[in-house]
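The values are calculated or read from the model by the stated rules, or taken from the named source; none is laboratory data. Values in this document were obtained by computation on a predicted structure and should not be read as measured data. Note that we place each Cβ from the backbone using ideal geometry, even for glycine, and neighbour counts take in every protein chain shown.
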Amino acid sequence: MRPRLGISACLLGQPVRFDGGHKRAPWVAETLGQFFDFVPLCPEMAIGLGAPRQTLRLKAVADGVRAVGNRDGVDVSEALTAFGRQTAARLLAAPERVAGFIVKKESPSCGMARVRLYGDNGIQSREGVGLFTHELLTAHPWLPVEEEGRLQDPALRENFIERIYVCQRWWQLSVEGITAARLVAFHTEHKYMVMARGAIPYRQLGQLVATAGEGGIEALAQRYFEALMTALRPLASRGNHTNVLVHLMGYLKRQIVAREKHELLGLIDRYRLGGVPLVVPMTLLKHHLGRHPNAYLQQQHYFDPYPEALQLRNGI
């Protein structure tokens, strides 16, 4: 199944902006569009503001943050908040589940961070979050959500797409039916992906999985899934990736000769020092595993966490 992504409609070229225009993001629309099914939405249009329209701004008040019209001060906070809650409930429930969201940066409705926030004195800060996205993140803090601007960063982009595919695999498992055995298998298949964030997250997740069979599987599965998605949110460091690569190489110590070990270790170290991207040692490692198959490693999503055609590891 192709993952479904919620997305700010303007990023796909739909004329829903305040000025009647759009902010089409070519990489999102053209490249990601080959792999994902988009669910476009515009919160401001959804609450009936129309296009073109006056701009909104976030205003800090005593009891929180409000979204008001830039010209007439009309308050649309309740409508945006309600739409955010409804969308969070609808698009995270079967069969309409999405595996993530891409939102428009700096938008008072969709911005994920650093949205202009105005005080009573007119002074601006960059501490605001769009009201729609705030509701989305409040309801599902584990959900992969990114702004199109931040996706220009190769590391953030790779991390975001990786988490989307983990989420999608979990939705597929949910459809098949989660059992204790399937939960253990899912955890095992994502071992090295989690270990790229450090040994502690994997150990904590393992402790959760170890209780499978002791009680209701549905509640445990939900706790595990949210903990897994939270563990994957930090960027994997070069040091942790290096540890994983060396660990994986250990499975080949009896199959490859000294010269091949030296070559692979050299590429891993060059990656550690920032001389080559992750794809370089990974390609050689996968080459050796192709010659010397290992049933345990063949089930690991660390090797192919998303479609290879996306080439995301070329930039990290």
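Only residues that are touching a Phe, Trp or Tyr at 6+ places or on another chain (Cβ under 7 Å) and among the basic types (Lys, Arg) were counted across segment 190-224, and they come to 1.
Among the residues of segment 56-114, write down those that are of a type outside the set (A, V, I, L, M, F, W, C), under 26 Å from Gly21 (Cβ atoms), in contact (Cβ under 8 Å) with a residue 60 or more places away in the chain and assigned to a loop (DSSP other than H, G, I, E, B). Lys104, Ser107, Ser109 - these are the residues of segment 56-114 that are of a type outside the set (A, V, I, L, M, F, W, C), under 26 Å from Gly21 (Cβ atoms), in contact (Cβ under 8 Å) with a residue 60 or more places away in the chain and assigned to a loop (DSSP other than H, G, I, E, B).
Got a number for residues in segment 122-155 being surrounded by fewer than 22 Cβ atoms within 10 Å (Cβ to Cβ), hydrophobic (A, V, I, L, M, F, W, C) and either in a helix (DSSP H, G or I) or in contact with a His (Cβ under 9 Å, 6 or more places away or on another chain) (or both)? Number of matching residues: 4.
Among helices (runs of 4 or more DSSP H) entirely within segment 164-239, having at least 2 residues that are touching a residue at least 40 places away in the same chain (Cβ under 8 Å) singles out 180-189, 191-195, 217-231. May I ask you to verify whether Arg2 is within 29 Å of Asp153 (Cα to Cα), loosely packed, with under 12 Cβ neighbours inside 10 Å, under 25 Å from the mean Cα position of the chain (by Cα) and among the basic types (Lys, Arg)? Against the criterion (within 29 Å of Asp153 (Cα to Cα), loosely packed, with under 12 Cβ neighbours inside 10 Å, under 25 Å from the mean Cα position of the chain (by Cα) and among the basic types (Lys, Arg)), Arg2 qualifies. Here Leu32 passes the criteria (1) in a helix (DSSP H, G or I); (2) more than 28 Å from the chain's Cα centre (by Cα) except the one numbered (2).
With respect to Gly33, determine if the residue is surrounded by 21 or more Cβ atoms within 10 Å (Cβ to Cβ) and either among the basic types (Lys, Arg) or modelled with pLDDT of 95 or more (or both).
Details: surrounded by 21 or more Cβ atoms within 10 Å (Cβ to Cβ): no; either among the basic types (Lys, Arg) or modelled with pLDDT of 95 or more (or both): yes.
Judged against the criteria, Gly33 is not a match.
If I filter segment 143-164 for residues that are touching a Leu at 6+ places or on another chain (Cβ under 6 Å) and among the acidic types (Asp, Glu), do I get at least one hit? The answer is yes; a qualifying residue exists.
The lone criterion from (1) within 21 Å of the chain's Cα centre (by Cα); (2) more than 20 Å from Gly6 (Cα to Cα); (3) small (Gly, Ala, Ser) left unmet by Ala60 is number (1).
Scan segment 41-64 for residues that are closer than 19 Å to Ser8 by Cβ, of a type in the set (A, V, I, L, M, F, W, C) and at pLDDT below 95 and the total you get is 0.
Can you tell me which residue within segment 5-27, out of those that are surrounded by 20 or more Cβ atoms within 10 Å (Cβ to Cβ) and in contact with a Leu (Cβ under 8 Å, 6 or more places away or on another chain), is farthest from Leu312 (Cα to Cα)? Outline the logic, then answer.
Start the filter on segment 5-27 by keeping residues that are surrounded by 20 or more Cβ atoms within 10 Å (Cβ to Cβ), which leaves 5-11, 16-17, 25.
Now restrict to residues that are in contact with a Leu (Cβ under 8 Å, 6 or more places away or on another chain): 5-9, 25.
Numbers: Leu5: 18, Gly6: 21, Ile7: 20, Ser8: 23, Ala9: 24, Ala25: 18 Å.
Across segment 5-27, the extreme among qualifying residues is Ala9.
From the list Ala62, Ala67, the lone residue that is within 24 Å of Asp120 (Cα to Cα), in contact with a Ser or Thr (Cβ under 7 Å, 6 or more places away or on another chain) and not charged (D, E, K, R) is Ala67.
Among residues of segment 36-55 that are under 25 Å from Asp72 (Cβ atoms), those with a Cβ under 6 angstrom from a residue that is basic (Lys, Arg), sequence gap 6+ or separate chain, pair up as Gln54/Arg71.
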